[in-house]
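Data block below; observations after.
None of the figures in this text is laboratory data; all of them are computed from the coordinates on show. Since the structure is predicted, the reported quantities are computational estimates derived from the model, not experimental observations. Using ideal geometry, Cβ is built from the backbone for each residue, glycine included, and neighbour counts are taken over all protein chains shown.
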Amino acid sequence: MNIRENDFGEMRRRMVIDQLSGRDIKDKLILDIFGKVPRHKFTDPKFYKNAYSDFPLPIENEQTISQPYIVALMAQLLDIKKSDRILEIGTGSGYQAAILAELANQVFSVERLKNLTEKARAVLEEMGYKNITLNTGDGTMGWEEFAPFDKIVVSASAGFAPEPLIKQLKSPGKLVMPVGPRVSQKLLVIEKTAEGEVLEKEICGCVFVPLIGKYGWEGNNAGKDI
Ligand code: SAH
């Protein structure tokens, strides 16, 4: 199927109206950015037809590029400022990193699987992003070298928020991640106040791929598999 750039632009416009502003994404800057970032470039050409559809899409290694609405919701919940330094855990395709890089000053993103990091690196470089730093490793350990972060977003799920991530969050700072059993989770906003108090708020139900590492599944802190 031959889809032209114009068609992708129209698909993005519809995605913004039907899936984002038509729901509860009201941040004008976020809506503009979703209308601009070419999600199809982060997918395999065989999925181009659905590159702007209202669901996650498969990438390599049985991972997924999250549903556009969830990426937008996480960004809106983080209340990102242009000066923010953000840590993302689970680079996957790199799409969410691109969205975050449009909103923030610096994005540091960690992916467990090397081939995904390298593929995301190639796409993001080709698109000209200069404020994204990628690394392959266990993101449940955070990224000590660049900590602390104003905001942290985890796009894979665990039974608990990894301790190193809470430590590497600034006061004040915000972390968004799916927490709960493997089959379905709750999207949580964890806020560290200026006084260092940690508050938790449940937003909605969601389903993410598992966060695999020392402070995720199959680690010392495997979480609760209900
Ligand atoms: N934000 C991504 C969605 C990626 S899906 C996008 O926009 O495409 C979640 C990703 O988390 C997968 O690529 C998976 O390999 C990765 N992941 C799982 N456990 C991880 C860990 N401990 N550290 C870093 N990445 C991890």
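Data table
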{"quantity": "Matching residues, the stretch 65-87, being surrounded by fewer than 18 Cβ atoms within 10 Å (Cβ to Cβ) and within 6 Å of the ligand (Cβ to nearest atom)", "calculated": "none"}
{"quantity": "Residues of the stretch 19-39 satisfying the condition of being over 22 Å from L124 (Cα atoms) and loosely packed, with under 14 Cβ neighbours inside 10 Å", "calculated": "G22, R23, D24, K26, K28"}
{"quantity": "From V189, V209, residue being within 12 Å of the ligand (Cβ to nearest atom), aliphatic (A, V, I, L, M), within 18 Å of the chain's Cα centre (by Cα) and surrounded by 17 or more Cβ atoms within 10 Å (Cβ to Cβ)", "calculated": "V209"}
{"quantity": "Residue in the stretch 20-39 that is in contact with a strand residue (DSSP E or B) (Cβ under 6 Å, 6 or more places away or on another chain) and within 14 Å of the ligand (Cβ to nearest atom) present", "calculated": "no"}
{"quantity": "Those helices (runs of 4 or more DSSP H) lying entirely in the stretch 34-147 with at least 3 residues touching a Gly at 6+ places or on another chain (Cβ under 6 Å)", "calculated": "114-126"}
{"quantity": "Residue list for the stretch 55-90, filter: polar (S, T, N, Q) and farther than 18 Å from D150 by Cα", "calculated": "N61, Q63, T64, S66, Q67"}
{"quantity": "Any hit, the stretch 151-171, residues being over 21 Å from L73 (Cα atoms), within 10 Å of the ligand (Cβ to nearest atom), surrounded by fewer than 22 Cβ atoms within 10 Å (Cβ to Cβ) and among the polar types (S, T, N, Q)", "calculated": "no"}
{"quantity": "Options F108, F47: the member that is more than 11 Å from the ligand (Cβ to nearest atom), without any contact (Cβ under 8 Å) to a residue 24 or more places away in the chain and surrounded by 15 or more Cβ atoms within 10 Å (Cβ to Cβ)", "calculated": "F47"}
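Per-residue answers, yes or no, for (1) within 14 Å of the chain's Cα centre (by Cα); (2) near the ligand (Cβ under 7 Å from one of its atoms); (3) of a type in the set (A, V, I, L, M, F, W, C):
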{"residue": "I89", "(1), (2), (3)": "yes, yes, yes"}
{"residue": "G92", "(1), (2), (3)": "yes, yes, no"}
{"residue": "I99", "(1), (2), (3)": "yes, no, yes"}
{"residue": "E102", "(1), (2), (3)": "yes, no, no"}
{"residue": "E118", "(1), (2), (3)": "no, no, no"}
{"residue": "V123", "(1), (2), (3)": "no, no, yes"}
